[in-house]
Amino acid sequence: MAGSAAVHGNALRADGALPLPQIIPITSPEGPRIAAYRDVRERDLVGRQGLFIAEGEVVVRVLLRSTRHDTLSLLIAEKRVPALADALAALPDDTPVYAAAQDVMDAIAGFHIHRGILALGRPRASPSVDALLEDAADDASGAPALVVMLVGLANHDNVGGVFRNAAAFGASAVILDSECCDPLYRKAIRVSVGATLLVPFARLSTGVDPLTPLLAAHYQPIALTTDGATPLAQAARPGRAALIFGPEGSGLDAALVTRCDAVRIEMAPGLDSLNVATASGIALHHFVFGQATG
């Protein structure tokens, strides 16, 4: 491989000091070593048997420091190796790091990977919904735990955006019903800027009433809906709180909303809804910074 000496083992150092692990040059898009990275988009659609792909320097750095997931390998464009030198130097010795020319990496992935950095991850055992709700931490100010519940969100961009907001405003956890898409889908991870790798989450089993575990763990459910009786600006934060968001089209089921505190975000005349990720950011900011605990 032309120029491959630059990515061989300890010859490359970060700031002239940090030795890197042995980096394995990849010169062909074929071969079993990089099979997990082949045809990334198609594999996204059919599943990865419990594994996931992280993309881009920021997201991969989040994965590398995550205590909730394992990094199984990395595939990096040769030109991007120096940018990750410090992180690569801290990897366990048995974590393969593959480097390829940009055109070879693009051929492996099936499209142009302009960020030039991919990693294969595996989640560790995740807690049950009940355990996650019970163990949710109070925030730094001492306010009781605040969690997010997503019901029927199938759009990966929206799920990633909600996770990013949950991380930004210190939500303790995200609970997803069985109809929500996978937060570890590559696009959801990317949109969340790695937040889906940081914020603890758990999924309800099919047929489980979303409110049952919340009420059992003493969370007050707060449904965000366009026709909620209480304007968000007037909504006080209860003790333990669960903010519930549904899909933008159909919204939350009316029977579920009637069992919650129903809250609406007031908008200019002529508009009746917000993107759910945007709504989650507004609501989380309000309940974290806008109101004292009720």
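Every number here is computed from the coordinates shown, using simple stated rules; none is lab data. Everything numeric here is computed off the predicted structure, so don't read it as measured data. Positions of Cβ are generated from backbone atoms using ideal geometry, with glycine treated the same way; all protein chains shown enter the neighbour counts.
List of remarks:
- If you run the Gaussian network model on the chain, springs between alpha carbon atoms under 10 Å, then out of Glu179, Glu57, Glu30 the most flexible one is Glu30.
- For the pair Glu30 and Glu179, label points projected 7 Å from Cα toward Cβ lie 4.6 nm apart.
- Take every Cα pair under 8 Å whose residues are at least 6 apart in sequence, average their separation, divide by the length of the stretch 147-194, and the relative contact order is 53 percent.
- Set of the stretch 110-138 residues, backbone N closer than 19 Å to the point 7 Å along the Cα-Cβ line of Glu42: 110-113
- Estimated inter-spin distance, Ala254 and Phe289, nm [label 7 Å along Cα→Cβ]: 3.7
- Ordering Asp177, Asp103 from the fewest to the most neighbouring beta carbons within 10 Å gives Asp103, Asp177.
- Normalised contact order of the chain, rounded percent, pairs of Cα under 8 Å and 6 or more residues apart: 17
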